[in-house]
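Each remark here refers to the structure printed beneath this line.
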Amino acid sequence: MQQYDLTIVGAGIIGLSIAHRFMQEQPGIRIVILEREGQINRHQTGRNSGVIHSGIYYRKGSYKSKNCLEGYRLMLQFLQEQNLPYKITGKAIVATNEKETAALQKLYDNALSCGLKVSYMEQSDLRKMQSGLQGEKAVWVPETGITNYSLVAERLLQLLKAGGAEIVYSSGLQNVMATNGGYEIQAGSQRFFTKLIVNAAGLQSDRVYKTITGKKSPVTIVPFKGEYYKLKPGFYQSEIPIYPVPNPDFPFLGIHITRMLDGTVKLGPNAVLVLDRHAYEKFGFNWNDALTTVSTAGLYKVIFKYGKTAFNELLKQTSKEYFKQSVQKYWKDFDWEMVNGYTSGIRAQAINQNGLVDDFVYEVAENQIHILNAPSPAATSCFAIANQAYEFYRNQATV
């Protein structure tokens, strides 16, 4: 039976970052990474908008806030050291009515308390960025950038392999048995021993938790689909991302405009509850995922609390006119004739008995670390999350 010091379940940017951190701290450590797909970057890492987030949205002192603020700095450091492409563009957050203006003020105050160098913008500043932009008030966030997180993950994998780590594809976790000083693991056709196991399985993290611990996860992953539309060249000139003011109680950032590193401009995402954790096509249904979702008690609290918001998100998916109106609130020139492409991603959103979980969730036990909720800004935060995981390992703390 092969012997390892560390097993990572999930080869997304979080799992790879954690493996990289352990390798930095413990040269020569024996690491194996288990990936249920045939390659990396098939899910959240390879399907996000590529934004390097500032941390403006997240409550000061929360895991999201601390990890994003530190992660921003560490991500830029890694991109520079590895000569990977990125741009610091800044971004504008635009309020279009009185309610949004009040929420924008709270974002502004939170940003200042976190040390961000935000400022208010004039309407003329918006128009200089891009014709047709409009709003009652806007905030400029200079600490925002754009990169390609798939390239980051690929470089991490290169570094890990160079350091002796192994990755095994098409190997979903099947069975884990605790033994003296570690675990015997069966994954695919392989059996091996590991001293420490880290669950970074993203969309499957709650199920992996149960496989490892034998207990029900404290959170259930409920998939929310986000759709992006690509704009034809020439309609949107600016390199600066434009964001609406998000609903302060609903942990999704709304439909924003982002120019990717390759010049493609994306408009999205919405946030629609789906019944398939891999529903990347227009329609998707999985019996197991559907049963898990509808039997999650906290989901009904979400429906009761956010029913109108959820309905509006569904309208953005089903009604081109409603989607257009949502965008035209802050970019009056938008029209569907500008669109010539479509992509989508699935957000692994945790729900507990009280409803939506709005912070990263870590569970730590002896020789186990579980990353149970790490949606956006997890890509920005990945190196800080890795630091957090290593500290949990050193302290063997229970969260």
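In plain terms, the residue of Glu35, Glu321 with the fewest other Cβ atoms within 10 Å comes first and the most crowded comes last, giving Glu321, Glu35. Each part reduced to its alpha carbon centroid, region 123-137 and region 225-300 end up 24 Å apart. For region 1-102, the residue among Ser54, Tyr86, Ile33 whose Cα projects farthest onto the positive side of the dipole built from Cβ charges is Ser54. Distance between the modelled labels on His278 and Glu98, one decimal in nanometres: 5.0 nm (7 Å Cα→Cβ projection). Antiparallel as a % of all DSSP beta bridges within the chain, to the nearest 5? Close to 70 percent.
Between the listed residues Leu74, Gly284, Met121, the Cα displaced farthest toward the positive end of the dipole of the chain, a dipole computed from Cβ unit charges relative to the Cα centre, is found at Gly284. Ordering Gly164, Val176, Pro142 by Cα displacement along the dipole of region 127-184 toward the positive end leaves Pro142 in first place; charges were set at the Cβ atoms of Lys, Arg (+1) and Asp, Glu (-1). Listing Phe250, Phe323, Phe383 from fewest to most neighbouring C-beta atoms within 10 Å gives Phe250, Phe323, Phe383. Beta bridges from DSSP with both residues in region 203-356: antiparallel share about 95 percent, rounded to the nearest 5. For Gly226, neighbours were defined as the other residues whose beta-carbon sits under 13 Å from its Cβ, and their charges (Lys and Arg +1, Asp and Glu -1) total +3. Judged by the gyration tensor of its Cα atoms, with axes a ≥ b ≥ c, region 72-146 is oblate; a/c meets the 1.5 cut and b/c is at least as large as a/b.
For Phe360, the residues whose modelled amide H falls within less than 5 Å of its own, excluding neighbours fewer than 5 places apart on the same chain, are Tyr63, Lys64. When +1 charges are put on Lys and Arg Cβ atoms and -1 charges on Asp and Glu Cβ atoms, the dipole computed for region 244-387 relative to its Cα centre reaches about 420 debye. About its Cα centre, the dipole of the chain is roughly 300 debye, where the only charges are +1 on Lys and Arg Cβ and -1 on Asp and Glu Cβ. Note on region 308-399: with charges restricted to the Cβ of Lys and Arg (+1) and Asp and Glu (-1), its dipole about the Cα centre is near 280 debye. The shape of region 156-268 comes out prolate: with a ≥ b ≥ c from the C-alpha gyration tensor, a/c is at least 1.5 and a/b beats b/c. By the count of other C-beta atoms within 10 Å, a proxy for reagent exposure, Arg73, Arg21, Arg30 are ordered fewest to most as Arg73, Arg30, Arg21. Estimated purely from DSSP H runs of n ≥ 4, each contributing -39500 (n - 2.57), the mean residue ellipticity at 222 nm for the chain is -11000 deg cm²/dmol once divided by its residues.
For region 340-361, the residues whose backbone nitrogen is under 19 Å from a point 7 Å from the Cα of Ala297, taken along Cα to Cβ, are 350-358. Phe392 sits among other residues whose Cβ lies under 12 Å from its own Cβ, and their net charge, with Lys and Arg +1 and Asp and Glu -1, is -1.
Applying 1/(1 + (r/R0)^6) with R0 = 22 Å to the Cβ-Cβ distance of Asp109 and Gln134 gives a FRET efficiency near 0.40.
FRET efficiency for the pair Gln77 and Ser119, taken as 1/(1 + (r/R0)^6) with r the Cβ-Cβ distance and R0 = 22 Å, rounds to 0.30. For a test of the definition: using alpha carbon positions, the gyration tensor, and the 1.5 limit on a/c, classify region 326-399 as rounded, prolate or oblate. Note, shape of region 326-399 comes out prolate. Separation of the alpha carbons by more than 20 angstrom is noted, of Lys87/Lys316; Lys225/Lys332; Lys128/Lys329, for Lys87/Lys316; Lys225/Lys332.
Bear in mind that the values in this text are calculations on the coordinates, not laboratory data. The structure presented is a predicted model; accordingly, all values stated were derived computationally and were not measured. Backbone-built Cβ (ideal geometry, glycine too); neighbour counts: all protein chains shown.
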